[in-house]
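The values are calculated or read from the model by the stated rules, or taken from the named source; none is laboratory data. Since the structure is predicted, the reported quantities are computational estimates derived from the model, not experimental observations. Please note: Cβ atoms are built from the backbone with ideal geometry, for glycine as well, and neighbour counts cover all protein chains shown.
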Amino acid sequence: MNELFNQLHAHRLVPVAALDSAADAVPLAEALAAGGLPVIEITFRTAAAEESIRAIARHGKMLVGAGTILNLETAQRAIDAGASFLVTPGFSHKIVEFCLNRKMPIIPGTSNGTDLQAAAEYDLPCVKFFPAEAMGGLKTLKALAAPFSSARFMPTGGITIENLRSYLDFSSVVACGGSWMVTKELIGGKQFAKITEITWQSVQIAQPSRAGR
């Protein structure tokens, strides 16, 4: 499990995409990889999620995760489709234990001290801070991290290319998740070259922060 989080820490960015068509999955993955970012989280917010994960997993050379995991059934579907890690919007003891029993990396959502206390009981290497900006942004994240000094975070929700660097410069942040590289408008318009361009720009922003670690 720690190997997965080492990879996330190396990439520092996790594009979060909701695909309406599984036919876009591989072209999207290739566009991200061309921009220097071979990682993606496909959310279970659309009917195409499972097949999209399967297509990217089969394509290879891409770390593909499954997001918006709300129950055990969806968790199993994501695992069967080939997801390398699962992400939940909130904290579920059942889903966390389900994943740990199967040695499946899990990044559960947290937004307060109660969530982080629960995560600490499982000794999880990384949690999601969500929705980051709506919950007070970096100021709130730093306040939560103070008593939970060993916690490591993947902030998601409201992260943009403009505020990305400020989050990544915080030592408790492993990576940032967001959709600014993979918006529905870009994917729906088949603007994969633009996705590659935005991804490359985002990777360049992340690199100075990474180099300082």
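Details
- Condition broken by residue 202, with the remaining ones in (1) within 27 Å of residue 70 (Cα to Cα); (2) of a type outside the set (A, V, I, L, M, F, W, C); (3) at pLDDT 95 or above; (4) crowded, with 17+ Cβ neighbours inside 10 Å satisfied: (1)
- Any pair with Cβ under 8 angstrom, 6 or more apart, that starts in region 15-43 at a residue that is in contact (Cβ under 8 Å) with a residue 40 or more places away in the chain and ends at one that is of a type in the set (Asp, Glu) and in a helix (DSSP H, G or I): 35/197
- Looking across region 113-125, just one residue is among the aliphatic types (A, V, I, L, M) and under 16 Å from the mean Cα position of the chain (by Cα), and that is 124.
- Verdict on residue 123 being without any contact (Cβ under 8 Å) to a residue 24 or more places away in the chain, farther than 29 Å from residue 201 by Cα and either among the acidic types (Asp, Glu) or touching a strand residue (DSSP E or B) at 6+ places or on another chain (Cβ under 6 Å) (or both): yes
- Set side by side, the residues 166, 149 differ, and just one is without any contact (Cβ under 8 Å) to a residue 24 or more places away in the chain and surrounded by fewer than 17 Cβ atoms within 10 Å (Cβ to Cβ), which is 149.
- Near pairs, Cβ below 9 angstrom, 6+ apart or cross-chain, from region 62-81 (under 9 Å from residue 50 (Cα atoms)) to any residue that is part of a strand (DSSP E or B) and of a type in the set (Asp, Glu): 66/41
- Answer residue from region 50-108, given it is within 17 Å of residue 123 (Cα to Cα) and among the polar types (S, T, N, Q) and is surrounded by the most Cβ atoms within 10 Å (Cβ to Cβ) among those: 88
- Criterion violated by residue 172 - all others in (1) out of contact with any Phe, Trp or Tyr (no Cβ under 6 Å at 6 or more places or on another chain); (2) touching a residue at least 24 places away in the same chain (Cβ under 8 Å) satisfied: (1)
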